[in-house]
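To keep things clear, I will list the structure first and then write my remarks on it.
The values are calculated or read from the model by the stated rules, or taken from the named source; none is laboratory data. As the structure is a prediction and not an experimental result, all values here were calculated from the model. Here the Cβ positions follow ideal geometry from the backbone for every residue, glycine too, while neighbour counts run over all protein chains shown. Remember, those area values only see protein heavy atoms, side chains included, never the ligands or the DNA or RNA. Shrake-Rupley method; radii C 1.70, N 1.55, O 1.52, S 1.80 Å.
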Amino acid sequence: MIISIAIAILTLGILGALFGSLLGYSSIRFKVKEDPIVEELDAILPQTQCGQCGYPGCKPYAQAIANGEEINKCPPGGQAVMLQLAERMGIEPQALDGEEKPKLVAFIREDQCIGCTKCIQACPVDAIIGSTRQMHTVISDECTGCELCVAPCPTDCIDMNPIALTTQNWQWDLNRIPTKINTEL
Amino acid sequence: MTTQPINLLSEEQLAQISSGKQWTFHGGVHPQENKIQSSGSAICDAGIPEFLVIGIEHKGHSPEMLVKVGDPVLKGQALTKVYGAMVVQHASSSGIVHAIEKRTDLHPSGLPVLSVVIKTDGLDRSIAYNKPDNFRDAPSVTLIETIQHAGIVGLGGAGFPSHLKLSHSDGIKLLIINAAECEPYITADDRLMQEHAQEIFQGIEVLEHILQPKLIVIAVEDNKPQAVEALQLALQKMHLTLRAELIIRTIPTLYPSGSEKQLIEIITGRQTPLGKHPTELGIVMQNVGTVFAVKEAVVDGKPLTSRIVTLTGDALRKKGNASVRIGTPIQYLLDKYQLNSETAQKLIIGGPMMGFSISHGDIPVTKTCNCILAPTVQEIPAPSAEMSCIRCGECAHACPASLLPQQLLWYSQSKDHDKLDDYNLSACIECGACAFVCPSNIPLVEYYRVAKAEINTAEQEAKKAETARIRHKNREARLEQAKIDRQAKHKQAAEKRKQQLKEKNGGEDLIAAALARAKAKKADSAAGENSEQADTPKSAAAAAVARAKAKKAALAEAASESSATGTADKPKNDAVAAAVARAKAKKAAQAQQDSQSDVAEETQLDPKKAAVAAAIARAKAKKAAQAQQDSQSDIAEETQVDPKKAAVAAAVARAKAKKAAAQQNSETAEPEEAPSDPKKAAVAAAVAKAKAKKAASANADQPDNSAVTAAREKRKEQARLHKQEKQQLANEAVKNSLDTALDKNSTAAEDRKAKIAAAVAKAKARQTAQKDQ
C-alpha cells in the first residue's frame, strides 16, 4: 500500500519536474520579446504620426490599443482603419472620434518663409528641408499631411492642400463606355 | 540544351513554330469586324492644324524642356531632353511655341498634363534629318539610343517605350511582329502593311540586328488578305539579308488575338507566367506600326512625329486612314472627315472593345491613338440597363486569360482586394470579352478597372505609410541620439570645469574643503553645546532672519516706489527707503540684541556677532537701495526725455515682469514702442518689478503689507490695461507688416524685414494673450 503510494508520488513528481523544466526551457527559448499585436496594429495605422489620437505617433497608439485604448481615435485612417483595427482586436466597431478629411499635403508659400526652422522641428517624418534664414520647402512625396507644421509657423505661410488629381491617382468611374456592339449572331 | 534557362523557348519549339504549327488561346469572341468602312481607301495626310498640342508629361514626370515660349520650331525638332526611361518628344510641324501649359490629355480621365502648344506656320519645314550610316555597323546600344531619341513608343495602343523592350536583348529567340489588329473598326496597321510593306521589312532588319533572334514571325489575322499579299510581294522583291528565319503567319480572326500574351500563346503555345515578361521566354513583340517608325528613325533619321489613325464610324461622312501629326486636335480631324454630329455624339478613342470615350474634341492625338470612332446611335446603341448576374458562366468561357470573371465581379463589388488577388485580377487584360458576352449587360471590365485603380491606390498608400513609418523611426532615433550626445557633452564640460577649478586652487578641492570646514564647525558647535547655552545658534539664526527681513524690507520699500508715475524725486525716495531699511535693520539688530541680553553674561561673543550681522544687513540694504536708485535714475532720465514713452516702456516691462525670474534676462525690447534706449529701461523696470513682487509676497505678513498690496494691485491693473493696449498695437503691427509684405512696390529686403517684424509682433501678441489667460 505504502509502496504503491510512494510510486505514485514519485511518478507524478518526476513527471511534474520533467514538464516543468520543459515549460521553463520553452519560455526562455521561444520568448517573444514584443507583443506582436503591436506591430500588426502599427501596420494598420496610416503612419501620419500626427498625434491626433493623443499619442506621440502611430506606434505608441498601437501600443495603447493593445492595452485596451479605444480604436476610434485615428481620423486620418478614417472608417477603414477603424474597421480593420476592430477586426484585428476582435471588438465591435466604434463611431469615429473626429472628422475624416481628405488627404492633404503641406505647401510652404516660399516667398513668405522667413527661415525660422520651426516647421522643420515639428515635422515628424523629416519632410521639410531648409536651414536657418533660408527658405524651407516640403518634400510633398514624404509629407503625411499631419498638419503639425502649420501651427508653429510664425508667418502662417504653410497651406494644407488637397492632393492634386492626376492621371496617376485618378480612379475610374463607372461612366462606362459601350462594350456591347452588334454581333453577327 | 540543358544549360538554357527553363523558361526560354527550346529549339524544338522554334522548329515546331517554323514548321507551321499553330496553337490557340482560351476563350475569345467574334465581334462584328466593321473594318471595310475604312480599309478601302489609301492613307492620306491629315494636314496641318493651326495649333498642335504635344503632351510632354508622363506619369507625373516632366522632362527638361529644350524650347521656351516664343521659340521657332521645325518639324522633328526635339522639345524635351531625355528624362529617365522617357522618350523625347518632338515638334510635329514647324511654327512657334505658343504656350507651355496644362492641356487636356488623351486619357479617360480627361485631366490636363503639361503640354507644348505650337502655333504652326503651315510651311511644315523640317530639320535636316541626319541620315545615319549603315545601321549594320552600329552597335545595338547606339540603335536603341537612337530609337529613344526618336521618341518611339509602342504604337499598338499601350505606348510602352520601345527602347526598353529592345534593351533586354539577351537570349532572344523569337521576334513577333504584331499585325493582328483584332479590334473591330481599326485598319491602321492593315493599310500600313498594304502601302509600306518594304519599309516594314527594313524595320524588321533593324530589329533583327538589335535583337539577333533565331526566328521572326509576322502575325496577321486572316481578315487582312491584301496586307498579307502585299507583305509577300515585298518579301519577294526585296533581297533581305536576314540571318533569322522570317515567317508571315496568318492566324484565325479571333478577338483578342492581338493582345501580347494571347498572340504569344497562338504563335508558340506557351503562356507567359503571371508577373513575368515575355523576354523571360526569349520573346520580344513589336507592333507593325512601331516597326515602321523604327525604320524611319534608324534608316532615315526621322523622329516619330506622326502616326496612322483610323477615322471611322457612321457619324463621319468620310472614313479612312490618315497620317496624323502628333498633337493634332481631334476636332480638326472630325471637321476634316465631316462629322455629322448627332446630339450626344459619342467619341471613342481606340476600338469599341477596349477604347475609352472622350467628352469633347479639343483633345490632341497622341502616339497611342490608333483610331477615332464616331459611331451613330444605331451603330453602337446606348448600353442597356445592367441586370443581375445570372451565373451563366459565359464570361468564364470567353475570358482569354482563363480567369473567373464572375468571382472577380463579386469581389470587385465588395472591394475584397485579397480575394481579387487570389483570383488574379492583375492578369486581366481588360479586353472586354466577358462584358461582350454577358447576357445581363454587366460592364464587367469597368468594375475591374475601378478595382485595379483602388488596389493600386491602396498599394501606393501602404508604401507611403511604410516610408513614413521608417522616416519617423529614424527621426526618433536621431533625436534620442542627439539627446544622449548633449548630455554626455554637458557632463564632460562639468568635469572639465571641476578639473580646471581644482588646478586653479593648487590641486585643492574647494568644495570638499568647504564641506570639511562645515563639518568641523558643526562638530565644534555640537561640542560647544555642552558648555554654552542652547541660545547661541538660535540667536545666530534670528540674526540671519533679521538680515533677510531687513533686506527684503529695503527692497520692498524701494520697489513700491518704482511705479510708472515715478518722478524726478525718486532718489530721495530711495534714500528714504534705504534709511528705513537701515532703521529696520538696526531695529532688528536691536531686537536681536535684546533677545540676547539675557544670555549676554554667559557669552560675550554673541552680541558682537549679532552686531556684525546687523552691520552686514545694513550694508546690504544700502547696496540694494543703491542699485535700485541706479536703475530708477535711468527711468528718471527717460521720464525727463519723454515721460509718456518711458511710461509705456515701463508698463511693457511690468507686463514682462509677470513672468518673474524666468523672463528677467530676456530681450524684451519693443522697437516700435520705445525708440530711445527702451531696452535698458525695460530690463531695469522688469528687474524692479520682479523684485517688488518677490518682496511683496515675502512681506505679506509685515505690517506695511497693505500699502504694498495696494501698490501691487494698482500696478497689476495698469499692466492689464496696458497689455490690452499692447496687444492691439501688436495686432496692428502684424497687420501693417503684412500689408507692407504684400506691397509689391517695396523691395525684397524691406519685405523680409517687415515679415520678421510681423512674426515677432505676432509671437508677442500670442504670448501676451497666453499671459492674460
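Things to note:
- Accessible-area rank, largest first, for B:Tyr185, B:Tyr447: B:Tyr447, B:Tyr185, with all protein chains present and a 1.4 angstrom probe.
- Over chain A: helical MRE at 222 nm, DSSP H runs n ≥ 4 each giving -39500 (n - 2.57), nearest 500: -10500 deg cm²/dmol
- When region B:36-92 is described by a simple charge dipole with +1 on each Lys and Arg Cβ and -1 on each Asp and Glu Cβ, the residue from B:Gly60, B:Pro72, B:Gln89 located farthest towards its positive end is B:Gly60.
- Cα gyration tensor shape of region B:373-487, rounded if a/c is under 1.5, else prolate or oblate by comparing a/b with b/c: prolate
- Summarising the label geometry, the points placed 7 Å from Cα in the beta-carbon direction at A:Leu83 and A:Asp35 lie 2.6 nm from one another.
- When the listed pairs B:Lys214/B:Lys302; B:Lys81/B:Lys367; B:Lys224/B:Lys302; B:Lys346/B:Lys415; B:Lys276/B:Lys463 are checked against a 20 Å cut-off, the alpha-carbon distance exceeds it for B:Lys214/B:Lys302; B:Lys224/B:Lys302; B:Lys346/B:Lys415; B:Lys276/B:Lys463.
- Loop-located GluC sites (Glu not before Pro) in region B:17-90 whose Cβ has at most 14 other Cβ within 10 Å (DSSP): B:Glu50, B:Glu64
- Take every Cα pair under 8 Å whose residues are at least 6 apart in sequence, average their separation, divide by the length of chain A, and the relative contact order is 16 percent.
- Surface share of carbon and sulfur [accessible, 1.4 angstrom probe, percent] for region A:35-185: 52
- With Cα atoms as the point set, region B:101-220 shows a radius of gyration and Dmax of 17.4, 48 Å.
- Between chain B and chain A, the total buried accessible area stands at approximately 4500 Å², from heavy atoms with a 1.4 Å probe.
- Simple label model, 7 Å out from Cα along Cβ direction - B:Lys489 to B:His239, nm: 8.2
- Cα centre as origin, Lys/Arg/Asp/Glu Cβ charges: region B:174-271 dipole, Debye: 320
- For B:Ile251, residues with placed amide H under 5 Å, excluding near neighbours: B:Val220, B:Glu221, B:Asp222
- Residues of region B:75-124 buried by at least 30 Å² of accessible area upon assembly of all protein chains, compared with the chain on its own (1.4 Å probe): B:His107, B:Pro108, B:Ser109, B:Leu111.
- Lys/Arg +1, Asp/Glu -1 at C-beta; region B:1-128 dipole; positive extreme among B:Ser10, B:Ala128, B:Phe25: B:Ala128
- Rounded FRET efficiency, nearest 0.05, which uses the C-beta distance separating B:Ala15 from A:Leu15 and R0 of 45 Å: 0.05
- Added length on full extension, which subtracts the Cα-Cα distance from 0.36 nm per residue, B:Asp45 to B:Asn340: 104.1 nm
- Spin-label model, B:Val377/A:Ala164: points 7 Å from Cα along the beta carbon direction are separated by 4.0 nm.
- Area accessible to solvent at B:Cys431, 1.4 Å probe radius, in Å²: 10
- Sparse-neighbourhood loop sites, GluC sites (Glu not before Pro) in region A:54-148 - DSSP loop, at most 10 other Cβ within 10 angstrom: A:Glu99
- Looking at region A:1-90, the chymotrypsin sites (Phe, Trp or Tyr not before Pro) that sit in a DSSP loop and have at most 13 other Cβ atoms within 10 Å of their own Cβ are A:Phe30.
- Considering only A:Leu12, A:Ser27, A:Gln134, and ranking their Cα positions along the charge dipole of chain A that arises from unit charges at the beta-carbon of Lys, Arg, Asp and Glu, the one farthest toward the positive end is A:Leu12.
- For the set B:His107, B:His277, B:His397, solvent exposure ranked by accessible area (probe 1.4 Å, protein chains only) runs largest to smallest as B:His397, B:His277, B:His107.
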